[in-house]
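Undergrad: Input: one structure, supplied below.
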Amino acid sequence: MSLQSPSAEQKVAMFTQMLRIREFEERVKRTFTEYPGVIRGHTHLADGAEASIVGTLSHFKPGDAALATYRCHGYPLVLGTDPKAMMAEILGRVDGLCKGLGGSMHLTDVEHGFLGTSGIVGAGIPHAAGAAWAAQIRGKREVVFCFFGDGASKQGAFHETLNIASLWKLPVIFVMENNGYNVVTTSAQEDANAAAGEPLAIKAKAYAMPGVTVDGTDPLAVLAVMEKAVARARAGEGPTLVESTVYRLSAHGNIIAPPGVPLHYPEHEAITVFGKREEYEAALRGDPVPRFRGVLVQAGILSAEAADALSAQVAAEMDAAVKFAVASPFPALESALDNVYA
Amino acid sequence: MAQLPFIAAIDAGIHQEMRRDPNVLYFGQNLATTENHEFVAAYGHDRVRVTPISETAEIGIAIGAAMAGLRPVVELYMAEFMLVAMDQVLNEAPRFRYMSGGQVKVPLVLKAGFGFAAGWAGQHTGSLTALFMGVPGLKVVVPSTAADAKGLMATAIRDDNPVVFMHHYLLTLEHGEVPDGEHLVPFGVAEVRRTGGDVTIVATGWMVNRALGAAAMLAAEGIHAEVIDPRTVAPLDLDTILRSVAKTGRLVVVDQAPRHSTVGGIIAADVAEFGFSSLRAPILQVNALDTTVPYSEPLEAYVIPDEARIVAAVRRVMQTGR
């Protein structure tokens, strides 16, 4: 099925998935104040990247796989994972997707093709290539979606893996979500290409693969670019590096503090570190979720009432996820020793 | 039974498993570069590949392939090359099963030589085994005979967990009897290499040979040492060691690494805790001296434990205690 000109129904489905990611992440954020203390450690939100995630994973077929970084809540939602199990995992509960052993940074849902998430920047990129080798051997035109951030493209794992993936023509799509910041370091401060005014996708040239930059806040633009990258991978022609430019609408993560200090999401680093309130507000004005809603409503694909109803329905789904997670008990203590070895 | 050099026995173990299971992969640097390479000829390029010098990607790719259902064996040549990719070895491969709540398996083998005390100087002679043994989720294998090299490699490939397969470089050309046909050596089962009632010596890798040499010298003076080779250090067969110490009352642990990075020290601590009532004398350790391994031949020999130092330690432990 070509998605180059998606039907009205497909566009509404994409919008619904974008809403689901946004509403889920909003609830993760809100949980810090509504249920203080139930989320521990560090969480990283996908708000702002919804269009990129959904535009990409619209090409996902059964048998494909996806791997990502610790900013990993968006992908499984699109792939069909139950948000109740995801939220319960983020709260460390027995009904969690990973039995409370992994938490926010390590969501995994093999049943839905979401193979795993490394919390170490760039470390998961070769894992995706390994899964792609397995797909290549199976020979069933299955592909692997490898998600990471712009920061990861400074890791050796990125460069080593792109070299091998291109050399071996592995069926993998390298999706670099470039949100412009590695925590509080701007791309121009750490990336020679960015400092020279070049797109980060130019790195693909060093590894003899196509490199494309796409507006990651436009789901239809992402959909179209990924169409080619996925087709190339399925045809056995090798990987593509897609730089999807997004703006992370929340801070890198919740504040880092020892127990006893209530955790919360601070303002974005553009404001707190660089004093660029206007940059952040411009990003908010370009928020991909309401923007795509506007596109659909304007095109007459979705009425405002239908869009509101959809929002309410998704909000209810995610409220139920929080309710379920908060009510789920902690795992039995001895389960800490389960699953150390297979 | 065939007489095989240790290195050929490892290959025999890999062949045994690649023949029976099409999911087994074998790859690494500087192998499979021609069509008549023995593994390429037998199994093809889908399963046997040369990689660039990219340890992080090699091991990371193995992890991803393993999570996707394959059983990769990564040829790393030297344990030190794993240091380039320690995140993948210590903090990726052993974590995914656990963090996913048991959803994925990561069956892979990292094959690496170590301890090349033959003029390889400071960066290719390390005895790094202890670095890996305390990582939950990781298994660590240290064969000391050709037969075990084959059988432990085969078991490592069949194991559903990441396994670090540490083969000692100075054993590479040692010949030994290796069973023909299917041969598997279980993990977590130590081998008593020599029986004796006076003192227990525990050693791994090349140090097993030196412990056996020392035991022969000691027998001539009437001291009968029992020599135990744990064969796998994770899992560790502590029971066999404790049973021996219960019999002998004395323990000497021999390890090629410097004192505070040894497998032997961990074994000594376990025996001190769980076998204290059996001990009739303090446990003694024979280790490398606390230094980088020097290049110059007499200096290298001075730093690495030898039979004389093991003999001296045993004599000392026989003279102390009750």
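Undergrad: Being within 11 Å of chain A (Cβ to nearest Cβ), touching a residue at least 12 places away in the same chain (Cβ under 8 Å) and acidic (Asp, Glu) narrows it down to one of B:Glu55, B:Glu80, so name that one.
TA: The match here is B:Glu55.
Undergrad: If B:Leu110 passes every condition in (1) more than 7 Å from chain A (Cβ to nearest Cβ); (2) without any contact (Cβ under 8 Å) to a residue 24 or more places away in the chain but one, which one does it miss?
TA: Of the numbered conditions (1) more than 7 Å from chain A (Cβ to nearest Cβ); (2) without any contact (Cβ under 8 Å) to a residue 24 or more places away in the chain, the odd one out for B:Leu110 is (2).
Undergrad: In addition: Restricting attention to the range A:98-124, report how many residues are more than 14 Å from the chain's Cα centre (by Cα) and facing chain B (nearest Cβ under 7 Å).
TA: 7
Undergrad: Pick from B:Val50, B:Val40, B:Val74: which is assigned to a strand (DSSP E or B), β-branched (Val, Ile, Thr), surrounded by fewer than 22 Cβ atoms within 10 Å (Cβ to Cβ) and more than 8 Å from chain A (Cβ to nearest Cβ)? Can you show your working first?
TA: On the way: B:Val40 fails: assigned to a strand (DSSP E or B); B:Val74 fails: surrounded by fewer than 22 Cβ atoms within 10 Å (Cβ to Cβ).
None of the others qualify; the one that does is B:Val50.
Undergrad: Something else about it: Considering only residues of the range A:165-177 that are buried (at least 24 other Cβ atoms within 10 Å of the Cβ) and outside any loop (DSSP other than H, G, I, E, B), which is farthest from the other protein chains (Cβ to nearest Cβ)? I'd like the intermediate steps shown before the answer.
TA: Start the filter on the range A:165-177 by keeping residues that are buried (at least 24 other Cβ atoms within 10 Å of the Cβ), which leaves A:165, A:170-177.
The next check asks that each one be outside any loop (DSSP other than H, G, I, E, B); those that pass are A:165, A:172-177.
On the way: A:Ala165: 9, A:Val172: 10, A:Ile173: 14, A:Phe174: 13, A:Val175: 16, A:Met176: 17, A:Glu177: 19 Å.
Filtering the range A:165-177 for residues that are buried (at least 24 other Cβ atoms within 10 Å of the Cβ) and outside any loop (DSSP other than H, G, I, E, B), the one farthest from the other protein chains (Cβ to nearest Cβ) comes out as A:Glu177.
Undergrad: Among (1) touching a residue at least 60 places away in the same chain (Cβ under 8 Å); (2) surrounded by 24 or more Cβ atoms within 10 Å (Cβ to Cβ), which single condition is A:Gly63 missing?
TA: (2)
Undergrad: If you scan the range B:289-322, which residues turn out to be more than 22 Å from B:His168 (Cβ to Cβ) and of a type in the set (S, T, N, Q)?
TA: B:Gln319, B:Thr320
Undergrad: Return the only residue of A:Ala270, A:Ala251, A:Ala325, A:Ala299 being among the small types (Gly, Ala, Ser), over 28 Å from A:Ala85 (Cα atoms) and touching a helix residue (DSSP H, G or I) at 6+ places or on another chain (Cβ under 7 Å).
TA: None of the other options fit; the residue is A:Ala270.
Undergrad: May I ask you to list pairs of residues, at least six apart or on different chains, whose Cβ atoms are under 7 Å apart, with the first in the range A:85-108 being part of a helix (DSSP H, G or I) and the second being surrounded by fewer than 24 Cβ atoms within 10 Å (Cβ to Cβ) and of a type in the set (Asp, Glu)?
TA: If the second residue must be surrounded by fewer than 24 Cβ atoms within 10 Å (Cβ to Cβ) and of a type in the set (Asp, Glu), the pairs left are A:Ala85/A:Asp95; A:Ala88/A:Asp95.
Undergrad: It is to be established whether one or more residues within the range A:72-84 are more than 30 Å from A:Ala235 (Cβ to Cβ), of a type outside the set (Asp, Glu) and within 10 Å of the chain's Cα centre (by Cα).
TA: The answer is yes; a qualifying residue exists.
Undergrad: From (1) within 21 Å of the chain's Cα centre (by Cα); (2) part of a loop (DSSP other than H, G, I, E, B); (3) farther than 25 Å from B:Gly264 by Cα, pick out the condition that doesn't hold for B:Thr33.
TA: With (1) within 21 Å of the chain's Cα centre (by Cα); (2) part of a loop (DSSP other than H, G, I, E, B); (3) farther than 25 Å from B:Gly264 by Cα applied to B:Thr33, the lone miss is (1).
Undergrad: What do you reckon, is B:Ala211 aliphatic (A, V, I, L, M), in contact (Cβ under 8 Å) with a residue 24 or more places away in the chain, under 29 Å from B:Gln88 (Cα atoms) and buried (at least 20 other Cβ atoms within 10 Å of the Cβ)?
TA: no
Undergrad: Working only within the range A:5-58, note down all residues that are more than 11 Å from the chain's Cα centre (by Cα), among the hydrophobic types (A, V, I, L, M, F, W, C) and not in a helix (DSSP H, G or I).
TA: Residues satisfying the conditions are A:Val38, A:Ile39.
Undergrad: For the range A:83-97, which positions are out of contact with any Leu (no Cβ under 8 Å at 6 or more places or on another chain) and either among the acidic types (Asp, Glu) or within 11 Å of chain B (Cβ to nearest Cβ) (or both)?
TA: A:Val94, A:Asp95, A:Gly96
Undergrad: Is one or more of the residues making up the range B:160-175 on the phi > 0 side of the Ramachandran plot and out of contact with any strand residue (DSSP E or B) (no Cβ under 7 Å at 6 or more places or on another chain)?
TA: Of all residues in the range B:160-175, those on the phi > 0 side of the Ramachandran plot come to none.
Scanning the range B:160-175, I find no residue that is on the phi > 0 side of the Ramachandran plot and out of contact with any strand residue (DSSP E or B) (no Cβ under 7 Å at 6 or more places or on another chain), so the answer is no.
Undergrad: Continuing with this model, one more query. Against the conditions (1) away from chain A (no Cβ under 14 Å); (2) buried (at least 24 other Cβ atoms within 10 Å of the Cβ), where does B:Trp120 fall short? Just the number, please.
TA: Among (1) away from chain A (no Cβ under 14 Å); (2) buried (at least 24 other Cβ atoms within 10 Å of the Cβ), the lone unmet condition for B:Trp120 is (2).
Undergrad: Quick one: count up the residues across the range B:191-205 that are touching a strand residue (DSSP E or B) at 6+ places or on another chain (Cβ under 6 Å), buried (at least 24 other Cβ atoms within 10 Å of the Cβ) and not aliphatic (A, V, I, L, M).
TA: Of the residues in that region, 2 qualify.
Undergrad: Please specify each residue of the range A:215-227 satisfying the condition of being surrounded by fewer than 24 Cβ atoms within 10 Å (Cβ to Cβ) and either acidic (Asp, Glu) or within 9 Å of A:Ser52 (Cβ to Cβ) (or both).
TA: If the condition is that a residue be surrounded by fewer than 24 Cβ atoms within 10 Å (Cβ to Cβ) and either acidic (Asp, Glu) or within 9 Å of A:Ser52 (Cβ to Cβ) (or both), then A:Asp215, A:Asp218, A:Glu227 are the ones that fit.
Undergrad: Something else now. So is A:His252 at pLDDT 95 or above, in contact with an Asp or Glu (Cβ under 7 Å, 6 or more places away or on another chain) and surrounded by 15 or more Cβ atoms within 10 Å (Cβ to Cβ) or not?
TA: Numbers: at pLDDT 95 or above: yes; in contact with an Asp or Glu (Cβ under 7 Å, 6 or more places away or on another chain): yes; surrounded by 15 or more Cβ atoms within 10 Å (Cβ to Cβ): yes.
When the stated conditions are applied, A:His252 passes them.
Undergrad: Here's another thing I want to ask about it. Filter the range A:125-161 for residues that are closer than 22 Å to A:Ser244 by Cβ, more than 8 Å from chain B (Cβ to nearest Cβ) and in a helix (DSSP H, G or I) and give the result.
TA: Selection gives A:Gly151, A:Ala152, A:Ser153, A:Lys154, A:Phe158, A:His159.
Undergrad: Answer yes if at least one residue in the range B:247-256 is in a helix (DSSP H, G or I) and either within 20 Å of B:Gly197 (Cα to Cα) or at pLDDT 95 or above (or both), and no otherwise.
TA: yes
Undergrad: I would also like to ask the following. I'm told A:Leu45 meets every condition in (1) at pLDDT 95 or above; (2) surrounded by fewer than 21 Cβ atoms within 10 Å (Cβ to Cβ) except one. Can you identify the failing condition by its number?
TA: The single condition A:Leu45 does not satisfy is (2).
The values are calculated or read from the model by the stated rules, or taken from the named source; none is laboratory data. Everything quoted here is computed from the prediction, not taken from an experiment. Quick reminder, even Gly has a Cβ in these numbers, built from the backbone with ideal geometry, and neighbours come from all protein chains shown.
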